[in-house]
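J.: Dropping a structure here in structure tokens format, bear with me for questions.
Coordinate-derived values only; no laboratory data. Nothing here was measured: the structure is a model prediction, and the numbers come from that model. Don't worry about glycine lacking a Cβ; one is built from the backbone with ideal geometry, like all the others, and counts go over all protein chains shown.
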């Protein structure tokens, strides 16, 4: 199971992040996880939302430079060492992470981790084999 | 006792004598021009078949103008008047739309050009015995080599250091006790700030004069340079189509530039009508090159705006003087002495698929030097979602611009729709540099 992450190119300008958030918010789209990759002059907003197809359409219609990237989200116990356990599986199996970010769910005792792997299929197989719980699209919608 | 003139007889000739030389020169140029594919056709169309139709300077207006487009459209050999084996030098400029222009020189052409540059140098009071550090770029650009040959002809000690590497320039100025330098005004200002920062300042320098050119500057800029270095600065004018530097040069009195009229016929025209304008009225500078056989050029429209004065000069020279260049009839920009058309920048960025339709360039001063910022909107559909893609795109645009216009720009990427869209003609160039 993979998730669709939405990336939006944002220039460093006041209120730009808010523009994205309020556009999604006013259309009933809920963000589950987000991070910003930034450089001196621009940023790339990455997020996992509950209705990704609708979100990407909406962003593009509003002239945002946005695209979809496959990511894998996993749930881990929200306790010390939770992430380390997953990372050990990943590195023991030579899976490369391009980037990752985390998010704590408020209604459960799990943390949500979003990974962008070099080879998504391979990474998913490894995670499955090791019994790591991967978050599916429908789980995100229900969170 | 040092000689004040390089060629006193010609430099101080009465007007009728100068005009006689011009008519003789023009006859020669027409003969040369008729040997080129381009003028062969163009002149015949204007029913000019022989130099014999030209007997006074007023006949000049019978001749058609030549434009930069003519040079481009006839690249590479359409204006070549001699056999290629007679050509000893080629100077070329990268074109605004990818089509370059080229100028050929025979050995005699190089000699005549060098002689005019030598005359220019002597007019400023520089002479044999001076140590001349040439900070203009050598290469296909004419600024470096043009002064080089003229200075050697004068007998100066020439240091062909070319442009850039400011610390080394300063070291060389000290090591060889350079007395005269040739540079753009903005580079001299930059040079001064580097000297200030690096310790003993001007102590240990022997500088007394500088020739400045290749970019428009104000009288105040000249005064500032003179004051900063404690030297005299002489303005010069030239363009590669007309050989290069030495078309006009200031004499010791630094009051506008003498156009060497036995070598170049100068006219000022109304750019809209093409009619000649009298002295004192500003218009487009039009030049005819009388001293180059390999690439004759007749009534060339320079696109530079200026005016002439024919008041007698205190130096005794009778050749008319050209004012500072006050502007351009086109949108050419001069950035640190390099000529750049906005269309060149457009050409480069528009061939990159990740770039959207809107772009803008900004020019600012960064200390004494010009700073070019290119703002580009990205094309949404090409955005992969990767931050590294954007960073790569930015370096690619920067690198391609640097390679093509020889200026290192700052490149900023913007979201689609973020650059101002003006109604009608888009305002692509924001020039924040102080007006001259």
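J.: Enter the angle in degrees (range 0 to 90, nearest 10) between the Cα long axis of helix A:120-129 and the first principal axis of the Cα atoms of chain A, meaning the one along which they spread out most.
T.: Approximately 40 degrees, to the nearest ten.
J.: Separate question: Sort B:132, B:418 by Cβ crowding within 10 Å, fewest neighbours at the top.
T.: B:418, B:132
J.: Expressed in nm², what is the orientationally averaged projection area of the convex hull enclosing the Cα positions of region A:71-142?
T.: Value for region A:71-142: 4.6 nm².
J.: Cα convex hull of chain B: how many Å³ per residue?
T.: Output value, Cα hull per residue: 161 Å³.
J.: From the square roots a ≥ b ≥ c of the eigenvalues of the alpha-carbon gyration tensor of region B:1-110, which class results: rounded (a/c under 1.5), prolate (a/b over b/c), or oblate?
T.: Oblate is the answer for region B:1-110, as a/c is 1.5 or above yet b/c matches or exceeds a/b.
J.: At q = 0.07, 0.10, 0.12 Å⁻¹, work out log10 I(q)/I(0) for the protein assembly as shown with the Debye formula, treating every Cα as an identical point scatterer and leaving solvent out; two decimals please.
T.: Normalising to I(0) and taking log10 leaves -0.58, -0.88, -1.11.
J.: According to the Kirkwood expression over distinct Cα-Cα pairs, how big is the hydrodynamic radius of region A:1-56, in Å?
T.: Kirkwood hydrodynamic radius for region A:1-56: 11.7 Å.
J.: With the Cα gyration tensor of region B:117-178 giving a ≥ b ≥ c as the square roots of its eigenvalues, does the rule (a/c under 1.5 for rounded; else a/b larger than b/c for prolate; else oblate) give rounded, prolate or oblate?
T.: It comes out oblate by the Cα gyration axes.
J.: What do you get for the angle between helix A:82-92 and the principal long axis of chain A? Use alpha-carbon atoms, 0 to 90 degrees, nearest ten.
T.: For A:82-92 against chain A, the angle is about 70 degrees.
J.: Over the Cα atoms of region B:90-141, each weighted equally, I'd like the Debye log10 I(q)/I(0) at q = 0.20, 0.25, 0.26, 0.29 Å⁻¹, rounded to two decimals.
T.: -0.91, -1.06, -1.08, -1.12
J.: Hey, could you pull the Cα Rg and Dmax for region B:53-156, both in Å?
T.: So, for region B:53-156, Rg and Dmax equal 16.8, 47 Å respectively.
J.: With springs only between Cα atoms under 10 Å, which of B:68, B:174, B:45 fluctuates most in a Gaussian network model of chain B?
T.: B:45
J.: What translational diffusion coefficient, to the nearest whole µm²/s, does chain A have by Stokes-Einstein, given a Kirkwood radius computed over alpha-carbon pairs, a temperature of 10 °C and 1.306 mPa s viscosity?
T.: 100 µm²/s
J.: If a/c stays under 1.5 just call it rounded; otherwise compare a/b with b/c (prolate if a/b is bigger, oblate if not). Do that for region B:338-431, with a ≥ b ≥ c from the square roots of the Cα gyration tensor eigenvalues.
T.: oblate
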